[in-house]
Amino acid sequence: MKHIYSVVGLCALAVSVVYFAQCKDAKTAPSNTETPSVIASGDNLTTLPIAYVDVDSLLSNLQFYNKMVSQYEEKLLKYNTSMKANYDKLQSEAAMFQQKVQNNAFLTKERYNQEQTRLQRMQEDLQNKAAQIDKDMAVEQRLIEQQLSDSLNLGIKEFNTPQKYQVILTKTGNSTILYADEKYNITQEVLDFLNKRFK
């Protein structure tokens, strides 16, 4: 499900770009009131209106996502089991065909051709079915990604109403966030909110 991470990552990148563009504009625009983003006085630092969510942790515990993935995997397993049974049957019939050829069991050339054509058609049908299953599962995976993206976008907006944070970033294993203080980590709060919303 690497695609899912990329969708969420792109959303975060877009939000970051907009935020930093606004920050740049704010610096160039004249301001009557100066509000320092961080006041350094010993260990007392003012917390910025920024937070981040650890996407890996969020997805592994998000009930909505896990349910969709579980349903997808069950369907995939069902298809794979069915296809394996069909391929095993084809392989068995092909072996029987070869054995009949070796034992000269076919009385006529016409009967030999009929059986060979039947096995070839069976193989082509299985290949077409496998290609259709791959196509269907790819569509379903994209649907899961879209549903997850929509759900996260709506859920985060609800979570941040009334507005507590100006920016909510995503943090993953290959994130561009090199360091973030743990006090900005709202993963558990967001997870609890989204799971409650899902129920």
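Pairs only if they're at least six apart or on different chains, beta carbon under 7 angstrom, first in the stretch 137-153 and over 14 Å from GLU73 (Cα atoms), second outside any helix (DSSP H, G or I); list them, first residue then second.
Cβ pairs passing all conditions: none.
For every residue, the table says whether it meets (1) more than 45 Å from the chain's Cα centre (by Cα); (2) of a type in the set (Ser, Thr, Tyr); (3) closer than 30 Å to ASN153 by Cβ.
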position	(1), (2), (3)
LEU62	no, no, yes
ASN66	no, no, yes
GLU73	no, no, yes
SER82	no, yes, no
GLU93	no, no, no
MET96	no, no, no
LYS100	yes, no, no
ARG111	yes, no, no
GLN120	no, no, no
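Tell me, which helices (runs of 4 or more DSSP H) wholly within the stretch 1-107 include 1 or more residues that are more than 25 Å from THR176 (Cα to Cα) and at pLDDT 90 or above? Give the steps one after another, and end with the answer.
Numbers: elements: 2-28, 55-61, 63-102.
Fully inside the stretch 1-107 and qualifying: 63-102.
I need every pair where a residue in the stretch 156-173 that is hydroxyl-bearing (Ser, Thr, Tyr) has its Cβ under 7 Å from the Cβ of a residue that is outside any helix (DSSP H, G or I), sequence separation at least 6 or different chains.
TYR165/PRO49; TYR165/ILE50; TYR165/ALA51; THR170/TYR52; THR170/VAL53
For LEU58, indicate whether it is closer than 30 Å to PHE193 by Cβ and loosely packed, with under 13 Cβ neighbours inside 10 Å.
Values: closer than 30 Å to PHE193 by Cβ: yes; loosely packed, with under 13 Cβ neighbours inside 10 Å: no.
No.
Please work out if GLN127 is modelled with pLDDT under 95 and in a helix (DSSP H, G or I).
Spelling it out, it is not the case that GLN127 is modelled with pLDDT under 95 and in a helix (DSSP H, G or I).
The values are calculated or read from the model by the stated rules, or taken from the named source; none is laboratory data. Given the structure is predicted, the values throughout are model-derived calculations rather than measurements. Note that we place each Cβ from the backbone using ideal geometry, even for glycine, and neighbour counts take in every protein chain shown.
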